[in-house]
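S.K.: I'd like to ask some things about the structure below.
The numbers here are math on the coordinates, done by the rules we state, and not lab data. Quantities reported herein were computed from a predicted structural model and do not represent experimental measurements. Reconstructed Cβ throughout: ideal geometry from the backbone, glycine too, with neighbour counts over all protein chains shown.
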Amino acid sequence: MGVCCHILQGRPDTDTEDFNEVVNCPAGTRISLPEPSQVTFPLWATATSLSQPAERAHSGTHQVVANGPLPPDAGASGGSGRLRVVWNEPAANSEQVGAINGYVVQRRSRNTDGTWSAWSGTVKAVTDRSHTFTGLADGIYQVRVRAKTDGNDNDPNTTDSKILGTTSTVRTVAVLAASTNLPGAPGGSVAAGAQKLTVTWQRPDPDTGSLVYGYTVCHKVSTAADSTYVETKVYPRPGLASGSVEITGLIANTAYVVQIRSHNANGDSAWITVGTTHTPTT
């Protein structure tokens with residue numbers, strides 16, 4: 001009697017995908033698995049014989065770690081024919097082999113029968129934090145982002161089992177030609193600290209149509225030219241109604257001006273100046 005092993009890749013918020021054929025092997029045989037990074041694999045081993053039907057012999061969860069990057073935190077916004085995807089650098093993985101050298105950004109669309117198309121996408125540079133898919137038909141789309149290292153082949157359509165690095169949470173977004181709204185301006189406040197300013201933002205209300213995916217905060221010394229504004233991009237976890245960002249390394253006892261605006265797939269809100277001026281302490 002042999003053992004029939006069928007290995008599936010399962011991950012929260014994604015479909016389960018086969019990446020290995022059913023194989024017959026003697027009991028005790030060591031099975032070589034592909035090496036996705038930090039992914040949990042359900043494993044079913046089924047005892048079979050020529051005359052008996054298959055029965056589940058074991059069901060368990062096994063971890064295979066390929067020392068790749070952890071998943072980025074990603075968000076998305078759909079607009080008129082456009083799909084904007086943003087992400088933050090993933091948390092450090094102490095066991096990671098090689099430095100992150102780029103990101104794989106993928107999308108797929110829902111078919112009329114409720115199934116999904118195959119994933120397709122692009123490879124972005126290590127410094128990139130956003131990508132816009134354009135020319136899209138109305139419909140429901142899903143997006144995901146994966147950090148990659150030198151172990152990746154730079155093909156955005158390589159199967160999950162061969163890509164080094166785990167995906168972000170899958171985001172489901174609607175793309176509608178009628179959704180042409182620009183975002184409203186966010187609310188904001190500033191608190192001064194020791195050589196820093198903490199800028200708190202509030203999501204525009206109502207946030208309808210194309211949803212807000214991020215904010216830009218800029219600051220300058222109040223007496224300096226507008227060309228000296230320094231921008232900070234903020235991509236919060238999707239669904240957050242508020243958040244904050246610290247601007248550090250400022251000059252104590254010097255007045256600063258702070259502005260903020262919001263972004264969705266269709267464009268940007270107007271800049272708003274938060275308060276008048278703000279002075280960091282020593």
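S.K.: Any idea what the dipole of region 196-236 comes to, in debye rounded to 20, about its Cα centre with Lys/Arg Cβ at +1 and Asp/Glu Cβ at -1?
M.R.: Dipole size: approximately 180 debye.
S.K.: I've got another one for you. For region 169-251, build the charge dipole from Cβ charges (+1 Lys, Arg; -1 Asp, Glu) around the Cα centre, then report which of Gly214, Thr228, Asn181 sits farthest towards its positive end.
M.R.: Gly214
S.K.: While we're on this one: If you build the Cα gyration tensor of region 230-282 and take the root of 5 times each eigenvalue, what three semi-axes come out, in whole angstrom, biggest first?
M.R.: Taking √(5λ) for each eigenvalue gives 25, 14, 9 Å, largest first.
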